[in-house]
Every structure is written in C-alpha cells, then in structure tokens.
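Notes follow the structure.
The values are calculated or read from the model by the stated rules, or taken from the named source; none is laboratory data. Please read these numbers as outputs of a predicted model, since none were measured by experiment. Don't worry about glycine lacking a Cβ; one is built from the backbone with ideal geometry, like all the others, and counts go over all protein chains shown. Only protein heavy atoms, including side chains, enter the accessible area calculation; ligands, DNA and RNA are left aside. Shrake-Rupley method; radii C 1.70, N 1.55, O 1.52, S 1.80 Å.
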Amino acid sequence: MSEAAPRSPRRAPVERQRDPERTKAQLLEAAKAEFGAKGYAAARVSEIAAKAGVNKQLISYYFGGKEGLYNALTATMYGDYVAVADHEKPFAEVVRFFARSGVRDHDLAKLFLWENLTDGAPDAIGVEGQREFLQRQVEYVRARQAAGDFPADLDPAFLLVIFMAASSAALALPRIVRAVSGQDPQSAEFAEAYGEQLARLVGHLADPGKR
C-alpha cells in the first residue's frame, strides 16, 4: 500500500502572497470601519473583506477569524492609548488628546463605545489584559494627582471614568452637542475647541498647594 502524499502547508491566496503587511493593514482599516459602524455582533467578515478588496479567506489566514481580527484591532488601539499616558505628561494634555482623537478617528472611538454598550464583543486583549490596561491608566492619574494636577480628595479611578466619558461626548451625545454649541460634533473645529475646554477644566482642578 502506497503512503499518502504529505499535505502541503497552508498558503495564502496567490493574489496577496507578495504583500502580506499591506493586506493586513487594509483588513484592519476595513475592520475598524465595520466594527465601529455595527459593533462586533452585527459586523460581517464578508463586508470587511469587501471593504479591504481582498478574499475573505485571508481574514482566517492572517487573524484566525473574526474574533482574532477584532482582538488585533483593539490591541493596537489600547497600545496607542498606553503610549500617551506617560507619568510625566500633565493630565490636561492627555485629556485633550483623548477628546480630540475621539473625533478625529470616528470609527475607532465608536468601536470603543460599542465595546462598552454591548456584551456581544469578545473581551478586548483578554479580560486580564483589559483590566491591566485600565489599571495602568489609573496609576497614571494617581501619579498626576501626586504631581498636583488635581486635589487629593478626588478619587483617581472615578476621575478617569469621568473624563473617559467626557471624551466620548461627541459620539454619545451628537444631537446635544449640535444643539448647545451649534457645531458639528464630527468636525475638526469642534475637536479642537472641545479638547481645549476639557484641558482648561482640568487646569482649574489643580491643587493650589502644589501649583
């Protein structure tokens, strides 16, 4: 009896073999738009592949499927956020960054909201990874409290939640933003003005004893 021929290793479809990094970048960008618009549960891999202009089999090949693609995308998002919160950087500056980035990258900010509004998404970077990320942000806020950015009687964890919510206002409350400010909540002008106002608010919290 003849031996069965050995299986050949799994290969990517021919049309994308030559530039895998570009293909993965296209898929991540398309996934950000799809997940941001619909949330994890309603997003479709076929739509993501169509937006990226590639065969949907490549999502499984490069990311292991829908959940793997989502986790790769959110890991990038959280990685960028960690890099911003340097303990030497004033709290007002970080708050300004988050407020502006939430408007400038609309899809990513909406993805962040979907993740918190629904239970249908996988736990970004794993439950422990997400908890570790958030605890690092609390440590940053606590370090800025010690530096005098705001008084000692304010809880760093609650303050972080307050300003994360405030940074998401343009997406969560667009009608209210338009009604009270007369500005487009998705515009660069609003992002600049709103980010500056939040930074000024943080500035007014500064501990007088440490100014």
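Values for this structure:
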read-out	value
Selection count where residues are among the small types (G, A, S) and surrounded by 17 or more Cβ atoms within 10 Å (Cβ to Cβ), scope region 198-211	2
Selected residue (only one of D123, D86 is at pLDDT 75 or above and not small (G, A, S))	D86
Subset of region 179-197 that is open to solvent by 70 Å² or more (accessible area, probe 1.4 Å) and of a type in the set (S, T, N, Q) - its residue that is nearest to the chain's Cα centre (by Cα)	Q186
